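What follows is one structure encoded as structure tokens, with my remarks underneath.
The values are calculated or read from the model by the stated rules, or taken from the named source; none is laboratory data. All values reported here derive from a predicted model rather than from experimental measurement. Backbone-built Cβ (ideal geometry, glycine too); neighbour counts: all protein chains shown. Only protein heavy atoms, including side chains, enter the accessible area calculation; ligands, DNA and RNA are left aside. Shrake-Rupley method; radii C 1.70, N 1.55, O 1.52, S 1.80 Å.
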Amino acid sequence: MLTAIVGINWGDEGKGRMVDLLSSGYDIVCRYQGGNNAGHTVVNEKGKFVLNLLPCGILRDTTVNVMGNGMVIDIQHLVGEIRTLTDRGIRVSPDNLKISDKAIICLPYHKLQDIMEEERLADRKYGSTRRGIAPVYSDKYMKKGLRMDDLLHKDTLAEKVRDLVEWKNLTVTAYGHEPIDANEILDWLETYGSVVRPFITDVTHYLNAAVEAGRSVMLEAQLGTLRDIDFGIYPYTTSSQTVAAYAPIGAGIPGKKLDQSIGIMKAYSTCVGEGPFTAEMFGEEAEALRKAGDEYGAATGRPRRVGAFDVPASRYGVMMQGATSLAVTKLDVLSYMDKIPVCVAYEIDGERTTEFPTGDRLNRAKPVIEYVDGFGDVSSCRTFESLPEAAKTYIRYLEDAVHCPIQYISVGADRDAYIRMF
């Protein structure tokens, strides 16, 4: 079984919560793209954990975790994440964590370049997390990157680094910054590379053998459809491909096909960063929802933009992800609302559309809002039958609106606070 767990909207849909829940039924969990520019929050019997790089399966004792070739890895951040988990009693060893030798290393100068460019753009900025993601992916495709495999070859690493730093200084000094010191980069690589070397392996052979042997593999995405570099709200996207179709490629097994794609979407909308967000709420209405849902970025702590459930955006996300079923998270957050807003369509240049537009048309879109009845507290419900009638109506409404069956409903942060529909 090869399953992708993906975000339907802008990211921050609660994928970490669902990966943690579902990972009990999988042998292997693999992150297949992105870096430490987003976070997955998991609450279990051991406490609350925020993971930026490590797959969420790391919190289960029986799961092997893989960081795929599609990722960009800040090894300093990774070492910190590993140490934080081990200090809290979570086992992290080469037996349960394997890092692709083909994954690209996010270096200190990538973060520097990211920050300098956002500051240059000022009020035209993209809303970057300033963690070096766009620069490191750019270098990857310019064939100017360091792979994790390079950490295993000290005899050639120094020469590669000096060549890269000489080239990168052409950019850095153009921003008015002092040149990067190649020796400092080498020291950084040795300090943190010495910790991660034992985890580096050829995960392509490992995963192919696992699939052939009938082991179940979950492929975990970061962010969501609307942040995909090709199919998202470009240029306000991430720099990698977040769609399920890329999952086998980013994991390292491009010849394998997905058996299912489970899409995650919230019972309302949230968004971190810049770019069009048609259903956005403002003022007191927004702050009430933000506080109810504790909507602050897991990676950055930034307050998330919040809004009504967006039907056109979600239907588009379901289509792009090829979702075979859905999980709706944070249904319990809406319990304080007497009337629940839903963005059912967009109005663009005086015309109403239920299709998600692309390009400049999206910037001119205005929300068409309708309201459904609120349903009160659902946090103690564990079956669909036990939900209030208005909550059942809302779930069926969402299911019909996005044309995909809802398989899971999350009604709280704890592991057991969910409803399985089928």
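So here's what we get for this one:
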read-out: Any hit, segment 86-96, residues being within 22 Å of Trp188 (Cα to Cα), at pLDDT 95 or above, open to solvent by less than 10 Å² (accessible area, probe 1.4 Å) and touching a strand residue (DSSP E or B) at 6+ places or on another chain (Cβ under 8 Å); value: no
read-out: Selection within segment 369-422 - touching a helix residue (DSSP H, G or I) at 6+ places or on another chain (Cβ under 9 Å) and assigned to a helix (DSSP H, G or I); value: Ala391, Tyr394, Ile395, Leu398, Ala401, Val402
read-out: Given (1) at pLDDT below 95; (2) open to solvent by less than 20 Å² (accessible area, probe 1.4 Å), number of the condition Val378 does not satisfy; value: (1)
read-out: Yes/no for Val318 being in a helix (DSSP H, G or I), over 20 Å from the mean Cα position of the chain (by Cα) and buried (at least 17 other Cβ atoms within 10 Å of the Cβ); value: no
read-out: Residues within segment 192-234 that are in contact (Cβ under 8 Å) with a residue 24 or more places away in the chain and either basic (Lys, Arg) or in a helix (DSSP H, G or I) (or both), tallied; value: 18
read-out: Flag for Ile180 being more than 30 Å from Lys98 (Cβ to Cβ), buried (at least 17 other Cβ atoms within 10 Å of the Cβ) and touching a Phe, Trp or Tyr at 6+ places or on another chain (Cβ under 8 Å); value: yes
read-out: Residue check, Val6 buried (at least 24 other Cβ atoms within 10 Å of the Cβ) and either closer than 18 Å to Asp416 by Cβ or among the aromatic types (Phe, Trp, Tyr) (or both); value: no
read-out: Any pair with Cβ under 6 angstrom, 6 or more apart, that starts in segment 135-157 at a residue that is within 15 Å of Trp167 (Cβ to Cβ) and ends at one that is among the small types (Gly, Ala, Ser) and crowded, with 19+ Cβ neighbours inside 10 Å; value: Asp139/Gly145
read-out: Unmet requirement for Pro179, which otherwise passes all of (1) at pLDDT 95 or above; (2) over 24 Å from the mean Cα position of the chain (by Cα); (3) part of a helix (DSSP H, G or I); value: (3)
read-out: Test result for Leu387, touching a residue at least 40 places away in the same chain (Cβ under 8 Å) and either open to solvent by less than 50 Å² (accessible area, probe 1.4 Å) or over 25 Å from the mean Cα position of the chain (by Cα) (or both); value: no
read-out: Odd one out for Phe49 among (1) open to solvent by 10 Å² or more (accessible area, probe 1.4 Å); (2) touching a Ser or Thr at 6+ places or on another chain (Cβ under 8 Å); value: (1)
read-out: Some residue of segment 199-213 being open to solvent by less than 20 Å² (accessible area, probe 1.4 Å) and under 15 Å from Ala313 (Cβ atoms); value: no
read-out: Residues (of a type in the set (D, E, K, R) and open to solvent by less than 10 Å² (accessible area, probe 1.4 Å)) located in segment 214-259; value: Glu220, Asp228
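Table: residues versus (1) buried (at least 16 other Cβ atoms within 10 Å of the Cβ); (2) more than 29 Å from Ile229 (Cα to Cα); (3) in contact (Cβ under 8 Å) with a residue 24 or more places away in the chain.
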| position | (1), (2), (3) |
| --- | --- |
| Gly359 | no, no, no |
| Ala365 | yes, no, yes |
| Asp373 | no, yes, yes |
| Tyr394 | yes, yes, yes |
| Val402 | yes, no, yes |
| Tyr408 | yes, no, yes |
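Results for (1) in contact (Cβ under 8 Å) with a residue 60 or more places away in the chain; (2) hydroxyl-bearing (Ser, Thr, Tyr); (3) open to solvent by 50 Å² or more (accessible area, probe 1.4 Å), shown as yes or no for each residue.
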{"site": "Thr278", "(1), (2), (3)": "yes, yes, no"}
{"site": "Ala327", "(1), (2), (3)": "yes, no, no"}
{"site": "Tyr346", "(1), (2), (3)": "yes, yes, no"}
{"site": "Glu351", "(1), (2), (3)": "no, no, yes"}
